[in-house]
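Down below is the structure, laid out as structure tokens.
The values are calculated or read from the model by the stated rules, or taken from the named source; none is laboratory data. Small disclaimer: the values here were computed from a predicted structure and weren't measured. Cβ coordinates were reconstructed from backbone atoms using ideal geometry, including for glycine residues, and neighbour counts include every protein chain displayed. Just so you know, the surface numbers come from the protein's heavy atoms only, side chains and all, with ligands and any DNA or RNA stripped out. Shrake-Rupley method; radii C 1.70, N 1.55, O 1.52, S 1.80 Å.
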Amino acid sequence: MAMTLEEAPWLGWLLVKALMRFAFMVANNLVAIPSYICYIIILQPLRVLDSKRFWYIEGIMYKWLLGMVASWGWYAGYTVMEWGEDIKAVSKDEAVMLVNHQATGDVCTLMMCLQDKGLVVAQMMWLMDHIFKYTNFGIVSLVHGDFFIRQGRSYRDQQLLLLKKHLENNYRSRDRKWIVLFPEGGFLRKRRETSQAFAKKNNLPFLTHVTLPRSGATKIILNALVAQQENGSPAGGDAKELDSKSKGLQWIIDTTIAYPKAEPIDIQTWILGYRKPTVTHVHYRIFPIKDVPLETDDLNNWLYQRFIEKEDLLSHFYETGAFPPSKGHKEAVSREMTLSNMWIFLIQSFAFLSGYMWYNIIQYFYHCLF
């Protein structure tokens, strides 16, 4: 469609704004990520002397980095409205988030809406596609202990074994509390046709807004982290004994992300901000771990039921623009999630000042050596 004369100034400003945002994002990454790595290197003696304190400090810096990513969308007008149960109530407990997956912007949305949930982001472990390992944020995720999973039938068994080992080595030793998991195993647009064919073949519900979940990673996580009593002593958790203060995994948080008109935001839009301000809606439902079956067939059915419910939630949202009320309530209550502009300013300032400091330190030692 041809551009009119009236639209030209607006499109020109949109292009300029996108270029400015991209330039800031690049600068932000160039100072924040190397600074994070430098701090981690300097703090290695603390890791040996007091591992728990080291991972606490690392987690705070990790939260700040994710806060910077969240701020890119925040200042573009991409905000979040939360529905359902208040997950702040379980922010200090161990939990798994089961999230539907539509686009790369889902991760950014979670980075934003979890910022005001205490230390959740600092103590969180992400399960994400292995391709993210090769992005600019990949080295940060590697240090933090996130798990990169390779998709595909031929890799599935091997990846589940690696996940089990990763949890044993990194989850409680780094004082992690929450795990973010996308059980669908890929984006909706890529998996919908295959999922619907599988559903038809196995007499399962026909879903259009979500796909049928895979249970492998969920089963590994539950078996590894749920505290079970056997002969009076704790089992599950790490290969080593559970921390005496740990109650094990306590909650499953069923998380449903919905975009207006079913038009998801991708990471390019989040960075460049060329889409008009949009409110993303996130619905939470909390399940006690005692209500979640651990046997394979029962767990499969339980997960299928959760995604059938997601289908109904999203159908209602796309029809009405709101999620339905929770059981026992007449009206659905939403909560606007906000970020503090002052807090964003402080963490961004810290990143740029740190980058300047480390640049001068490295430059000084370079001149001393050469």
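Inside segment 326-344, can you point out the residues that are open to solvent by 60 Å² or more (accessible area, probe 1.4 Å) and under 13 Å from residue 84 (Cα atoms)? Those that are open to solvent by 60 Å² or more (accessible area, probe 1.4 Å) and under 13 Å from residue 84 (Cα atoms): 327, 328, 329, 330, 331, 333, 335, 336.
Across segment 264-298, what is the total count of residues that are surrounded by fewer than 18 Cβ atoms within 10 Å (Cβ to Cβ), touching a residue at least 40 places away in the same chain (Cβ under 8 Å) and more than 21 Å from residue 80 (Cβ to Cβ)? Of the residues in that region, 2 qualify. A single member of 112, 97 is farther than 30 Å from residue 14 by Cβ and either out of contact with any His (no Cβ under 8 Å at 6 or more places or on another chain) or in a loop (DSSP other than H, G, I, E, B) (or both), and it is 97. Taking residues in segment 110-132 that are on the phi > 0 side of the Ramachandran plot and open to solvent by 10 Å² or more (accessible area, probe 1.4 Å), and partners anywhere that are of a type in the set (A, V, I, L, M) and modelled with pLDDT of 95 or more, not one pair has Cβ atoms closer than 7 Å while being at least 6 places apart or on different chains.
Exactly one residue out of 298, 266 is of a type in the set (Asp, Glu), more than 23 Å from the chain's Cα centre (by Cα) and modelled with pLDDT under 95, and it is 298. Quick one: is residue 286 of a type in the set (A, V, I, L, M) and not in a helix (DSSP H, G or I)? Yes. Annotation: of all residues in segment 315-325 being in a helix (DSSP H, G or I) and free of Cβ contacts under 8 Å to residues at least 12 places away in the same chain, the one that is most open to solvent (accessible area, probe 1.4 Å) is 319.
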